[in-house]
Amino acid sequence: MADYATHHFTAASRYTVSVDYDRRLYAHDIEASIAHARMLGRQGIVSEADAEAIVGGLGDVRREIEAGGFDWRDDLEDLHMNIEARLHELIGEPAARLHTARSRNDQVATVTRMYVRDAIAETIAGLRRLQDALVSVAEAHREAIMPGYTHMQRAQPVLFAHHLLAYFEMFDRDAERFSETAARTNVLPLGAGALAGVPYPIDREWVAGELGFDGLSANSMDAVADRDYIVEFLADAAICMMHCSRLAEELVLWSSTEFGYVRLGSEWVTGSSIMPQKRNPDFAELARGKTGRVYGSLVALLTVLKGLPLAYNRDLQEDKEGLFDTVDTLGATLDAFCGMLGSIEVDEARMEEAAQDSALLATDMADYLVGKGVAFRDAHAAVSALSEAASARGVGLGELSLDELRERSPAFDADVKDLTARASVAARDVEGGTAPSRVADALAQARKRLGAAHG
Ligand code: ARG
């Protein structure tokens with residue numbers, strides 16, 4: 001009987017064991033082995049009868065794993081050896097032929113690529129749901145106006161929908177990045193063998209077709225040695241988490257008493273054990289916090305890879321835990337945002353009130369003077385002096401009299417009182433601007449893009 005144990009098992013050798021976490025790849029591993037076995041049979045590298053026995057046995061192993069009855073063994077190190085050893089117990093001698101024309105090095109590279117490819121499809125689906133949730137909130141509050149901020153200071157009025165659609169764009173680019181990574185990920189390593197290729201008449205194209213790969217790795221050493229597609233996935237995830245974290249920060253601020261712009265549904269906040277008034281935005285805070293571990297996984301893998309000579313080195317086994325943790329963390333984060341946004345109550349009146357702060361119209365006052373023929377820099381200086389004078393007196397810019405305005409610039413006229421937050425927003429009528437008609441177009445476009453992405 002074939003011996004599948006990779007080494008004499010001692011307490012110290014737990015150090016090399018990966019089956020605790022890589023068993024998560026079991027379905028992909030079995031699928032890849034089934035395709036490989038079928039190819040071996042078709043090519044006459046093993047007999048058709050052996051190939052059939054292997055395929056049948058692998059199906060049984062899968063059923064055992066899914067039923068929860070599989071006995072995962074540490075002394076077999078990883079999931080690949082566990083599955084093959086169990087196959088041997090079930091079908092005997094033909095199992096020992098499965099590993100013909102393949103190595104664990106091209107096997108694990110294949111299986112991990114399949115896993116990443118599928119994880120990307122799920123991640124993109126999660127991103128689309130989040131984009132959908134953002135558009136839905138924006139559509140429900142098309143008219144709501146709020147202060148836009150720079151340096152976290154009130155800057156100019158914007159539509160709330162415009163602010164939300166900024167995140168729609170960020171998540172759209174994230175989805176695009178993931179799909180570009182998927183395209184580079186989806187090439188088949190099998191056939192690379194341990195590192196040099198295999199001395200059998202295999203049919204890589206056929207295996208690629210069976211497993212849904214779009215192409216074949218062009219160099220056997222590259223195929224088993226690199227994990228850049230995982231680095232890319234982690235980098236895409238890190239960027240996406242960064243975007244999530246910024247949105248989380250907005251939700252934390254907006255739901256505070258100081259802002260009071262939104263209220264998150266009670267499932268998305270928690271109380272305090274001693275302060276009964278609290279509605280802590282824990283999901284948003286944890287999303288912000290979990291961004292750190294995703295960055296960590298990216299840096300960890302880059303560090304694992306940087307000193308490795310070609311081709312396979314066991315260090316590469318360290319690619320998996322950070323990958324799995326990132327898939328879980330990002331998926332759960334996207335879901336949490338969908339939930340939070342779905343539950344959000346928006347206090348339009350409160351936002352509108354904040355947007356009425358006349359300080360927000362300072363730029364419009366300068367633009368008004370430009371409209372009367374004043375050079376922009378001079379107009380800026382005049383309004384800046386007026387703002388200072390107003391704040392020195394403890395009044396808003398809008399409370400200065402026309403005479404006071406004229407002291408700084410004779411170009412001011414009675415129609416300066418027409419400057420309002422609504423007028424300010426409406427004036428930003430450029431592509432990508434916050435004018436209501438532009439935002440309405442952007443919302444329609446967003447819906448269309450989502451439809452196309454789903455369709
Ligand atoms: N568990 C290993 C990994 O994840 C599989 C490949 C092992 N190959 C070897 N030659 N020891 O990288």
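With a cut-off of 17 Å, note down the residues of segment 307-330 whose backbone N falls inside the zone around a label point 7 Å from the Cα of residue 293 toward its beta carbon. Label zone hits: 319-330.
Suppose we flag GluC sites (Glu not before Pro) only when DSSP calls them loop and at most 13 other Cβ atoms lie within 10 Å. Which is the longest uninterrupted stretch of the chain?
Working: sites that count: 143, 258, 431.
Answer - 259-430.
Of the three principal axes defined by the Cα atoms of the chain, the extents in descending order read 101, 52, 41 Å.
Between segment 168-194 and segment 13-70, the alpha-carbon centres lie 25 Å apart. Near residue 216, the amide H atoms lying under 5 Å from its own belong to 188; only residues 5 or more places off or on other chains count, and H is placed 1.01 Å from N. Once C-alpha pairs closer than 8 Å and six or more residues apart are averaged by separation and normalised to the residue number of segment 332-408, the relative contact order reads 25 percent. Summing +1 for each Lys or Arg and -1 for each Asp or Glu, what net charge is found among the other residues whose Cβ lies under 14 Å from the Cβ of residue 127? Result for the neighbourhood of residue 127: -4. When the P(r) of segment 37-130 is calculated, the portion above 18 Å amounts to 57% of the C-alpha pairs. Straight-line cross-link reach from residue 278 at under 29 Å between alpha-carbon atoms covers these lysines, not counting any fewer than eight positions away in the same chain: 290. When you restrict to C-alpha pairs under 8 Å that are six or more residues apart and normalise by the size of the chain, the relative contact order lands at 16 percent.
Can you give the convex hull volume per residue for the Cα atoms of segment 242-304, as a whole number of Å³?
With only Cα atoms used, segment 242-304 gives 99 Å³ per residue.
Charge tally around residue 74: other residues with Cβ under 15 Å, Lys/Arg +1 each, Asp/Glu -1 each, net -2.
Of all stretches in the chain that contain no chymotrypsin sites (Phe, Trp or Tyr not before Pro) in a DSSP loop with at most 16 other Cβ atoms within 10 Å, the longest one is 73-455. Residues 88, 36, ranked from the fewest to the most other C-beta atoms within 10 Å, line up as 88, 36.
Taking 1.567 mPa s as the viscosity and 4 °C as the temperature, the Stokes-Einstein diffusion coefficient of segment 293-414 based on its alpha-carbon Kirkwood radius rounds to 65 µm²/s. Would you calculate a helix-derived [θ] at 222 nm for the chain, using -39,500 (n - 2.57) for each DSSP H run of n ≥ 4 and dividing by the full residue count, to the nearest 500? The helix-only estimate for the chain comes to -20000 deg cm²/dmol at 222 nm. Tell me which aspartates and glutamates have Cα within less than 14 Å of residue 448's Cα, excluding those fewer than 8 residues away on the same chain? Qualifying aspartates and glutamates at Cα under 14 Å: 132, 139, 169, 172.
Working from Cα pairs under 8 Å separated by at least six residues, relative contact order for segment 1-126 is 37 percent. Roughly what % of Cα-Cα distances in segment 182-291 sit above 23 Å, to the whole percent? Of all Cα-Cα distances in segment 182-291, 54 percent exceed 23 Å.
Computed across segment 363-455, the Kirkwood hydrodynamic radius from all distinct Cα-Cα pairs reaches 15.3 Å.
At a Förster radius of 45 Å, what calculated FRET efficiency corresponds to the Cβ-Cβ distance of residue 142 and residue 27, to the nearest 0.05?
Approximately 0.50, to the nearest 0.05.
Short version: what are the Cα gyration tensor semi-axes of segment 54-188, square root of 5 times each eigenvalue, largest first, in whole Å?
Values: eigenvalues 529, 50, 31 Å².
Semi-axes from the Cα gyration tensor: 51, 16, 12 Å.
Bridgeable lysines around residue 306 (alpha carbons under 20 Å apart, same-chain partners fewer than 8 residues away excluded): 320.
Net charge near residue 185, counting Lys/Arg +1 and Asp/Glu -1 over other residues with Cβ under 9 Å of its Cβ?
Residues near residue 185 contribute +2 overall.
Where a number appears in this text, it was derived from the coordinates with a stated rule and is not lab data. In this text, all values refer to a predicted model and were calculated from it rather than measured experimentally. We place every Cβ from the backbone using ideal geometry, glycine too, and count neighbours over all the protein chains shown.
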